[in-house]
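Reading through the structure tokens given below for one structure.
The values are calculated or read from the model by the stated rules, or taken from the named source; none is laboratory data. Note that the structure is a prediction, hence the values are computed from the model and not measured. Neighbour counts are summed over all protein chains in view; Cβ atoms, including those assigned to glycine, are modelled from backbone coordinates with ideal geometry. Only protein heavy atoms, including side chains, enter the accessible area calculation; ligands, DNA and RNA are left aside. Shrake-Rupley method; radii C 1.70, N 1.55, O 1.52, S 1.80 Å.
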Amino acid sequence: MVVASSQAQPSTSAPSVPHRKNRRKMTKKATFSSVDADADQNMEEHHPVTDALPSNGEDDDDIMIDDDENSASLPKASAAPAFAPVSADALQTTLKSETRRIPIPPHRMTPLKKDWINIFGPLTEILGLQVRMNVQRRTVEARTSKHTKDIGALQKGADFVKAYALGFDVNDAIALLRLDDLYLDSFEIKDVKSLQGDHLSRAIGRIAGQDGKTKFTIENASRTRIVLADTKIHIMGSFQNIKIARDAIVSLILGSPPGKVYAGLRTVSSRMRQRAL
């Protein structure tokens, strides 16, 4: 009796699965290569800039250097603009005429009328202002004109008239027009010390002195001009000289003897002479 074996003999033929995998890989590579070729063609169609580049052998470095040189020649956006200074004549053409009114006290109207020629001349000749006296309002009106060259001429003219209104002489007040470092300072005796009655009168007498000797001594030592108008004191001079005269007057108001004030003024005047040398 012959028994048939149910076991299947192994086949000697090679399996076909690896061949299928290789075919798939080849098809994938073919598709990728075709996609890359299409992409390159599209890039060439959509970017015609490469055709416009110079073909005379210039390198990219040369092109970048040229761009840097062109950018260096252009002005910087952050640089501040430079303007030429404007002359005074150009300002006068653009600005309107300014007017100033200087009030005059009633007791100075009569001296103003007598010295009007001496006041009117410097304002028109030196400063080039237009000036008139308004008797009804008791003021002196001044304004700029086409002949005015200095921008601060109107302020100088107002200081000149104000100095005369306070009681200074015309020849002393003209110095305000010719010099730039002169100023006016005013204060009252009650600002230093509250005095009343005879005490106030004696303080004024100590400042003036006999026949005005003390006042003249302070003026000559400090190179200033002083006006005593009742309880008000006006000083004209430079900043340092005004301080020297004011300190001497304050010492007299507080009760210092005139001899002590004279000694201090001698010391100060000697120092001023040494500085001048």
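Annotations for the structure displayed:
- Exclusive hit being closer than 24 Å to Asn241 by Cα, part of a strand (DSSP E or B) and in contact with a helix residue (DSSP H, G or I) (Cβ under 8 Å, 6 or more places away or on another chain), set Asp181, Asp172, Asp185: Asp185
- Residue satisfying condition, being under 26 Å from Met272 (Cβ atoms), outside any helix (DSSP H, G or I) and either at pLDDT below 90 or open to solvent by less than 40 Å² (accessible area, probe 1.4 Å) (or both), within set Ile226, Ile218: Ile226
- Here the condition is being on the phi < 0 side of the Ramachandran plot and open to solvent by less than 30 Å² (accessible area, probe 1.4 Å); of Thr144, Thr124, it holds for Thr144 alone.
- Applying the condition of being over 34 Å from the mean Cα position of the chain (by Cα) and small (Gly, Ala, Ser) to segment 179-214 and asking which residue is nearest to Pro258 (Cα to Cα) yields Gly209.
- Take the conditions (1) at pLDDT 90 or above; (2) open to solvent by 20 Å² or more (accessible area, probe 1.4 Å); Ile207 misses just one of them, which is (2).
- Considering residues of segment 229-277 that are in contact (Cβ under 8 Å) with a residue 60 or more places away in the chain and not basic (Lys, Arg) only, the residue surrounded by the most Cβ atoms within 10 Å (Cβ to Cβ): Met236
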